[in-house]
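Notes follow the structure.
Coordinate-derived values only; no laboratory data. The shown structure was predicted, so the numbers you read here are calculated from the model rather than taken from an experiment. Ideal geometry is used to build each Cβ from the backbone, glycine not excepted, and the neighbour counts take in all protein chains shown.
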Amino acid sequence: MSTVTATPAGPRTYNPAPTSAARNSLTMVRRNLRHARRYPAMTISLVSMPIAMLLLFNYVFGGAMAAGTGGGSSGDYLQYLVPGILLMAVGAGVLPTAVGVSVDMTEGIVARFRTMPISGSSVLTGRAVGAVIQTLLSIVLVIGVAFLVGFRSGARPLEWVAAAGLLTLMSAALTWLAVALGQLVKAPEAASSAALPFSFLLPFLSSAFVPFDSMPDWLRHFAEWQPYTAFIETLRGLLLGSEIGKFGPLAVGWGVAITVLGFLWSRSLFRRAASR
């Protein structure tokens with residue numbers, strides 16, 4: 001049974017009995033998904049940005065940029081482009097997640113949650129899982145549009161499952177990073193700026209649009225080893241049958257490392273805020 005205690009200065013707080021963290025997290029997931037449904041602006045931007053980039057690069061720049069991928073037609077460039085756009089769809093989820101966490105932290109709802117008999121970690125877990133679900137749904141829509149404009153994949157079912165797992169790993173990694181960024185900054189506007197390099201800049205400095213070996217030496221080395229390139233090249237190998245090589249282990253390593261570090265950083269910031 002939960003008990004209520006009063007502190008000499010400040011409001012009464014709950015000392016909850018042990019409860020199911022999984023049940024609490026599921027409640028928070030439902031809360032975040034309902035919030036996204038009621039305020040769809042961020043969700044629309046999450047989906048529209050990668051679709052707009054897909055259409056722009058395919059129909060406006062496709063013919064010119066096909067030369068950068070070894071020649072061929074704009075249709076060949078579409079095959080090259082789609083895996084990069086899917087990773088951009090994952091990166092696009094960083095911004096609304098960071099802003100949403102910042103809003104929760106600054107508007108007092110998290111302070112109210114802390115007074116309730118619920119697992120503290122469920123607040124963060126619910127936000128992260130809800131964001132991953134939204135991102136994966138947006139990826140499904142992007143894949144649908146890609147097939148409508150001519151993308152084709154010869155991947156077998158097992159390779160599609162591996163691609164889905166890879167996208168989920170990248171989504172989880174960037175989501176936990178976004179949760180940490182949302183707690184680190186002091187205002188939603190700052191959260192938007194902090195998330196911008198991960199949602200927009202890094203994809204352009206990868207092999208999403210042109211091969212990294214066509215870049216200047218000083219940029220090529222960075223592009224080759226950064227997380228986005230590892231995930232994009234692995235996804236290309238799974239969906240298009242190109243060589244994966246070192247990028248498969250590199251993608252998994254980056255994904256696990258960023259997920260763990262983002263989770264630990266988020267939890268540390270959350271506990272530090274609770275102790276103030």
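Computed over the stretch 121-225, the quotient of the alpha carbon radius of gyration and 2.2 N^0.38 Å is 1.29.
Put simply, the convex hull of the Cα atoms in the stretch 184-233 casts, on average, a shadow of 4.1 nm². From most to least packed by mean Cβ count within 10 Å, the peptides 224-232, 139-147 give 224-232, 139-147.
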